[in-house]
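What follows is a set of notes on a single structure, which appears directly below.
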């Protein structure tokens, strides 16, 4: 009987501990799509971005044996961190904030300490660590912080990462991918924010810098569709056309790609005839049309060989004339069609 009572008490104690632990550790969502499951902002659906599985996700902070709190309450510990920062002891202030978050994760001071930690890192020009702490804030305290302001701050810090890239002997310590993924997280977390169109242009540009033009095209296209009336979308129309042309010239044998790019250029020129780069895009369209016509001519000519029947060759030439009636070869082709048809009648 005593054993049963003891087990029942033990089970209740374990249940109570579990409830406390659950309350102490706020729920987190997928990295890049937080504010619990009720975010009015976050999304994961952005073609051209990295898969979420490739993005590092903040793990919940546990108590550390090497970073104990120095005060008895969260409020006193936060006050200590503020004093240390004021005295210019930034590393100690940062550690005091970190210890607070680890010891009292559910305290009202925890999100304040988490944000202050990010700002201290920024003061020390360690922008990557600052962004990492902001990611933690947005993942674990989305409802307790100024969500949109925190995302915008993350965007500003990422801009600083590019502006103040540290290099040695011409080599950068910060990769384009690292910076780009920070920008991508910004867009995922607040996809309708005012700074998102500019962010997407930067993401696409970083893709291009790494010769990832396919992905850049996808990002430009998303920007045009989601923010059609912005100056960034206007820039993306031209930049997407430019990226598409780079791919077409590099892979000229890919006729479906060339056809798709020609279709894109025609559509953009029809919808935006006064675009600043309309003349250049018209030149690209003419270049593609010449290439496509030459390919269609060679394709039809291939059918007009001794290995092919006169009927198949004539059909190939007629198809070419339907598509390119103004071809400089038109008269020559018509004569050849008549020749093939007459030869076909003689064989019959």
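The values are calculated or read from the model by the stated rules, or taken from the named source; none is laboratory data. This one's a predicted model, so the numbers in the text were calculated from it and none came from an experiment. When we count neighbours, we look across all protein chains shown, and the Cβ atoms used for this are built from the backbone with ideal geometry, even at glycine.
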Would you please list the contacts, defined by Cβ atoms under 9 Å and residues six or more apart or on different chains, that run from a residue in region 120-139 that is touching a residue at least 60 places away in the same chain (Cβ under 8 Å) and on the phi > 0 side of the Ramachandran plot to a residue that is assigned to a helix (DSSP H, G or I) and surrounded by fewer than 24 Cβ atoms within 10 Å (Cβ to Cβ)?
none
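This table checks each residue for (1) touching a helix residue (DSSP H, G or I) at 6+ places or on another chain (Cβ under 8 Å); (2) buried (at least 18 other Cβ atoms within 10 Å of the Cβ); (3) in a helix (DSSP H, G or I); (4) free of Cβ contacts under 8 Å to residues at least 12 places away in the same chain.
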position: 61; (1), (2), (3), (4): yes, yes, no, no
position: 70; (1), (2), (3), (4): yes, no, no, no
position: 77; (1), (2), (3), (4): yes, yes, yes, no
position: 92; (1), (2), (3), (4): yes, no, yes, yes
position: 106; (1), (2), (3), (4): yes, no, no, no
Kindly indicate which of 156, 181 is free of Cβ contacts under 8 Å to residues at least 12 places away in the same chain and in a helix (DSSP H, G or I).
156
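For residues that are assigned to a helix (DSSP H, G or I) and touching a helix residue (DSSP H, G or I) at 6+ places or on another chain (Cβ under 6 Å), scanning just region 202-214, find the one that is surrounded by the most Cβ atoms within 10 Å (Cβ to Cβ). Break it down stepwise before answering.
Going through region 202-214, the residues assigned to a helix (DSSP H, G or I) turn out to be 202-209, 213-214.
With the extra rule that they be touching a helix residue (DSSP H, G or I) at 6+ places or on another chain (Cβ under 6 Å), the set shrinks to 202-204, 206-209, 213.
Details: 202: 20, 203: 27, 204: 29, 206: 23, 207: 24, 208: 20, 209: 11, 213: 19.
Among those that are assigned to a helix (DSSP H, G or I) and touching a helix residue (DSSP H, G or I) at 6+ places or on another chain (Cβ under 6 Å), it is 204.
Working only within region 318-330, note down all residues that are in a helix (DSSP H, G or I) and either surrounded by 13 or more Cβ atoms within 10 Å (Cβ to Cβ) or at pLDDT below 85 (or both). Break it down stepwise before answering.
Step one: list which residues in region 318-330 are in a helix (DSSP H, G or I), which gives 318-323, 330.
Listed by number, the residues that qualify are 318, 319, 320, 321, 323, 330.
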Hey, any hits in region 22-38 for a residue that's closer than 21 Å to residue 157 by Cα, touching a strand residue (DSSP E or B) at 6+ places or on another chain (Cβ under 6 Å) and at pLDDT below 80?
no
In this structure, is residue 138 under 28 Å from residue 175 (Cβ atoms) and crowded, with 17+ Cβ neighbours inside 10 Å?
yes
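Which members of region 258-267 meet the condition of being surrounded by fewer than 17 Cβ atoms within 10 Å (Cβ to Cβ) and either on the phi > 0 side of the Ramachandran plot or touching a helix residue (DSSP H, G or I) at 6+ places or on another chain (Cβ under 9 Å) (or both)?
259, 260, 266
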